[in-house]
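Below: the structure, in structure tokens.
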Amino acid sequence: MLVFATETSCDETSICLMEERKIIEHVIFSQEIHRKHGGVVPELASREHLKILQEICQKMFSKINISLNDIDIFTATCGPGLIGCLLVGSTFTKSLALNLKKPFVPMNHLEGHLLSTSYNNEISYPHLVFILTGGHTQIYLMMSDTHVELLGESVDDAIGEAFDKVAKLLGLGYPGGSELEKRAIYGDENSYKLPMPLTNEDNLNFSFSGIKTHVSILTNKNIIDDKFINNLSASFQKTICKILSLKMERTLNLLNKKNIFTKSVSIVGGVANNNYIRTNLQNLFNEKKIDIFYPLKEMMSDNAAMIAWACIKNYNNKKNNILFKPQPRLKINEIL
Ligand code: ZN
């Protein structure tokens with residue numbers, strides 16, 4: 001089964017050609033245009049997808065011995081995401097499928113993230129997945145590849161968004177999450193006490209916008225020099241990690257009360273690249289004798305390989321539906 005997938009839910013323009021469990025070709029184009037605006041501008045993102053998609057597609061097929069006609073299934077992210085961006089990617093892919101008289105399978109972006117670690121690991125169920133990205137902060141319980149329950153999520157900013165917003169306040173550019181991590185190495189993580197919203201509440205939800213507001217107050221009150229940036233970066237990272245650890249422990253405790261015992265967790269999404277968070281979570285789960293899985297590097301942030309893989313893995317449950325309309329707020333169980 002040869003699958004062609006498109007992912008355009010936000011500011012990554014990505015295509016992938018996958019055969020069974022093998023990535024034949026995978027292209028991820030990260031749009032640079034948003035840097036000067038300090039955040040993703042939806043209209044610009046759609047226009048970039050429109051400009052880039054055809055270009056990377058032609059380039060990809062020009063260097064391999066596979067033609068569009070050889071593809072068995074066409075698939076694209078149809079939500080959640082920015083509507084203009086979803087429309088560009090899905091319409092592009094649908095027109096190829098229509099033209100070649102091949103099936104088109106609409107895919108849920110979140111399903112792509114959820115199954116991303118099963119590409120390079122053998123997952124046993126029940127399994128926990130933490131999606132930590134610039135668009136989502138969610139905890140899922142997976143009883144199987146298709147039986148998935150959302151346990152908790154952020155009520156405001158996503159975790160990756162919080163990293164980028166704080167980095168921006170500290171003058172580290174956009175997207176500045178990875179720069180913040182570098183600066184944190186040289187800072188004292190105990191220098192600033194930041195709020196930890198929702199950590200005393202008996203639920204699995206997150207809230208990050210209050211921390212960002214607190215950082216904003218601190219940046220207004222202090223001279224922003226290297227020492228301040230490093231110390232605040234370290235304190236912010238420590239706080240975020242503490243919140244994650246608390247919520248992860250709470251998740252395990254709540255599941256244990258329901259007699260659900262998981263032997264493994266997956267940490268997926270761009271924030272999973274943060275080494276400080278990785279090390280701390282590794283220690284937490286080692287202590288509990290729970291395996292921790294990560295996707296391949298190229299399947300960590302938004303990418304078309306995870307969409308192709310989820311389509312292949314769950315194909316028996318999929319419906320060909322070229323009429324499916326992209327939905328910006330698509331929930332996990334709406335197409336899975
Ligand atoms: Zn994503």
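The values are calculated or read from the model by the stated rules, or taken from the named source; none is laboratory data. Keep in mind that what you see is a predicted model, and the values were worked out from it rather than measured. Note: ideal-geometry Cβ built from the backbone for every residue, glycine included; neighbour counts use all protein chains shown. Remember, those area values only see protein heavy atoms, side chains included, never the ligands or the DNA or RNA. Shrake-Rupley method; radii C 1.70, N 1.55, O 1.52, S 1.80 Å.
Of all DSSP beta bridges in the chain, what percent run antiparallel (nearest 5)? Mind dumping the intermediate values first?
On the way: 25 of 41 bridges.
That works out to approximately 60 percent antiparallel.
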Using a Gaussian network model on the chain with a 10 Å cutoff between Cα atoms, which of T199, T279, T251 fluctuates the most? T279
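Using a ≥ b ≥ c from the Cα gyration tensor of the stretch 56-180 (square roots of the eigenvalues), is it rounded, prolate or oblate, where a/c under 1.5 gives rounded and otherwise the larger of a/b and b/c decides, a/b for prolate? Each step should come with its number before you reach the end.
Values: a/c = 2.12, a/b = 1.37, b/c = 1.54.
Oblate is the answer for the stretch 56-180, as a/c is 1.5 or above yet b/c matches or exceeds a/b.
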Angle check, please: helix 304-313 long axis (alpha carbons) against the longest principal axis of the chain (alpha carbons), in degrees 0 to 90, nearest 10. 70
Spacing of the two label points (7 Å from each Cα toward its C-beta) at K193 and S67, in nm: 7.0
A 1.4 Å probe over the protein heavy atoms gives the stretch 213-311 a carbon and sulfur accessible-area percentage of 49
Using a cut-off of 24 Å between alpha-carbon atoms, which lysines can reach K212, once sequence neighbours fewer than 8 places away in the same chain are excluded? K36, K165, K168, K182, K193, K221, K227, K238, K242, K247
Let a ≥ b ≥ c be the square roots of the eigenvalues of the Cα gyration tensor of the chain; is it rounded (a/c under 1.5), or, if not, prolate (a/b larger than b/c) or oblate? oblate
Under the Kirkwood approximation applied to all pairs of distinct alpha-carbon atoms, what is the hydrodynamic radius of the stretch 146-298 in Å? 16.4
How large is the accessible surface per residue of the stretch 6-136, computed with a 1.4 Å probe and reported in Å² as a whole number? 41
What residue among S62, S30, S301 shows peak mean-square fluctuation when the chain is described by a Gaussian network model with Cα springs under 10 Å? S62
In whole angstrom, the spacing between the Cα centers of the stretch 15-53 and the stretch 242-285 equals 29
Using Cα-Cα distances under 8 Å and only pairs 6 or more residues apart, what relative contact order does the chain have, in percent? 25
Quick one: check the C-alpha center-to-center distance for the stretch 221-240 versus the stretch 77-155, whole angstrom. 35
Residue-normalised value, i.e. accessible area per residue, for the stretch 271-323 at 1.4 Å probe, in Å², stands at 50
Which of P175, P126, P326 moves the most in a Gaussian network model of the chain with Cα springs under 10 Å? P126
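From the protein chains alone at 1.4 Å, what is the descending order of accessible area for D157, D225, largest first?
Numbers: D157 15, D225 75 Å².
Sorted by accessible area, descending: D225, D157.
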Between the helical axis of 209-221 and the dominant principal axis of the chain, each derived from Cα atoms, what acute angle in degrees is found, rounded to the nearest 10? 50
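May I ask you to compute the full-extension gain from N259 to Y186, defined as 0.36 nm times their residue separation minus their alpha-carbon distance, rounded to one decimal in nm? Walk me through the intermediate numbers first.
Numbers: separation 73, 0.36 × 73 = 26.28 nm, distance 4.32 nm.
Gain on stretching N259 to Y186: 22.0 nm.
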